[in-house]
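Undergrad: What follows is a structure written as structure tokens; I'll ask about it next.
The values are calculated or read from the model by the stated rules, or taken from the named source; none is laboratory data. None of these values were measured; they are calculated from a predicted model. Using ideal geometry, Cβ is built from the backbone for each residue, glycine included, and neighbour counts are taken over all protein chains shown. Each accessible area value is taken on the protein alone, full model and side chains, heavy atoms only, with ligands, DNA and RNA left out. Shrake-Rupley method; radii C 1.70, N 1.55, O 1.52, S 1.80 Å.
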Amino acid sequence: MIKEFNTQTEVSVGLEALWAALTKDLKIIVPKVLPNVVKDVQVIEGDGGVGTILIFNFLPDVSPVSYQREKITEFDEISHEIGLQVIEGGYLNQGLSYYKTTFQLSGLGEHKTLVNVKISYDHESDIEERVKPTKTSESTLFYLRCLEKYLLNGA
């Protein structure tokens, strides 16, 4: 049964700049924002919209897995919502049978954006203790903080 975990954070970056960083500039920005974690991001299929498949290659000593393949399953430029589902590697190699992160952005002014994060997941019977949604959401929020810092420093 798929479960959900929701969290949110405010980012001191304007809506359009943050949206571009999470969508069209994603493959370029992620390795720059997380240089000690992500070696590179490759677009395997698609044009950046729904159905696009990306591979996030991790540095060798970062994780027990070397990559994570994700598919964009939601993409709405009007509501500024993007959903990325892990389809191979990453969390799926750690016992989860389903894992998806959805970002929904709302402007809070010229230089502030509210980011609602929804993590949808399912797991094998005893896995929840090892891969908790609160822990994976912490890594997502950490990425958003690093992204904010990167964008504020003139990227």
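Undergrad: Within 10 Å, at most 13 other Cβ atoms, and a DSSP state outside H, G, I, E, B define an exposed site. Report the longest part of the chain free of exposed GluC sites (Glu not before Pro).
TA: It runs 1-76.
Undergrad: Could you do me a favour and compute the accessible area per residue for the stretch 23-92, 1.4 Å probe, result in Å²?
TA: Details: 3680 Å² over 70 residues.
For the stretch 23-92, the per-residue accessible area is 53 Å².
Undergrad: Between the stretch 1-61 and the stretch 71-129, what's the alpha-carbon centroid distance in Å?
TA: 10 Å
Undergrad: How large is the helix-only mean residue ellipticity at 222 nm for the chain, computed as the sum of -39500 (n - 2.57) over DSSP H runs with n ≥ 4, divided by its residue count, in deg cm²/dmol to the nearest 500?
TA: Calculated from helices alone, the mean residue ellipticity at 222 nm is -7000 deg cm²/dmol.
Undergrad: Name the long-range amide H neighbours of E74: under 5 Å, sequence gap of 5 or more, or other chain; modelled H, no Pro or chain starts.
TA: Close amide H contacts, sequence-distant or interchain: G83.
Undergrad: Among the trypsin sites (Lys or Arg not before Pro) within the stretch 1-69, which fall in a DSSP loop and have no more than 13 other Cβ atoms within 10 Å of their own Cβ? Don't jump to the answer; show the numbers that get you there.
TA: Values: sites: K3, K24, K27, K32, K39, R69; in loops: K24.
Of the trypsin sites (Lys or Arg not before Pro), the ones in loops of the stretch 1-69 whose Cβ has at most 13 other Cβ atoms within 10 Å are K24.
Undergrad: Tabulate in residue order the Karplus-calculated ³J(HN,Hα) for the stretch 43-54, using 6.51 cos²θ - 1.76 cosθ + 1.60 with θ = phi - 60°, rounded to whole Hz; enter x for Gly and Pro.
TA: Once rounded to whole Hz, the list reads 8, 8, 7, x, 10, x, x, 4, x, 5, 10, 10.
Undergrad: Just check the stretch 15-59 against the gyration tensor rule for me: Cα atoms, a ≥ b ≥ c as the square roots of the eigenvalues, rounded for a/c under 1.5, and otherwise prolate or oblate depending on whether a/b exceeds b/c. List each step's numbers first, then the result.
TA: On the way: a/c = 3.23, a/b = 1.15, b/c = 2.81.
Verdict is oblate for the stretch 15-59.
Undergrad: Under a point spin-label approximation (7 Å from Cα along Cα-to-Cβ), what is the E4-Q85 distance to one decimal in nm?
TA: Using points 7 Å along Cα→Cβ, the separation is 1.5 nm.
Undergrad: Right, another one. Using the alpha carbon gyration tensor of the chain, what are the three equivalent-ellipsoid semi-axes (square root of 5 times each eigenvalue), largest first, in whole Å?
TA: Values: eigenvalues 113, 62, 48 Å².
Working from the Cα gyration tensor, I get semi-axes of 24, 18, 15 Å.
Undergrad: Quick query: amide H of E88 versus all other amide H atoms, modeled in the peptide plane; which residues come in under 5 Å with a sequence gap of 5 or more or a different chain?
TA: Here the answer is R69, since their amide H atoms fall under 5 Å of that of E88.
Undergrad: Follow-up question, since we're still on this one. Once phi is turned into θ = phi - 60°, what whole-Hz ³J(HN,Hα) does the Karplus curve with 6.51, -1.76 and 1.60 give for every residue of the stretch 97-110, x standing for Gly and Pro?
TA: 9, 8, 8, 9, 10, 10, 10, 10, 9, 9, x, 10, x, 5
Undergrad: Once you have a ≥ b ≥ c as the square roots of the Cα gyration tensor eigenvalues for the stretch 1-78, tell me rounded if a/c is under 1.5, and otherwise prolate or oblate according to whether a/b is larger than b/c.
TA: Rounded, since a/c falls under 1.5.
Undergrad: Which cross-chain or sequence-distant (5 or more) residues have an amide H under 5 Å from the amide H of F58, H modelled 1.01 Å from N in plane?
TA: Counting only residues 5 or more places away or on other chains, the set is K39, Y67, Q68.
Undergrad: Please list, in order along the stretch 65-73, the HN-Hα scalar couplings obtained from phi with the Karplus expression 6.51 cos²θ - 1.76 cosθ + 1.60 (θ = phi - 60°), rounded to whole Hz, x for Gly and Pro.
TA: 10, 9, 7, 9, 9, 10, 10, 6, 9
Undergrad: Straight-line reach from K149: which lysines have a Cα under 16 Å away, not including same-chain ones fewer than 8 places off?
TA: Leaving aside lysines fewer than 8 places away in the same chain, those within reach of K149 are K32, K112.
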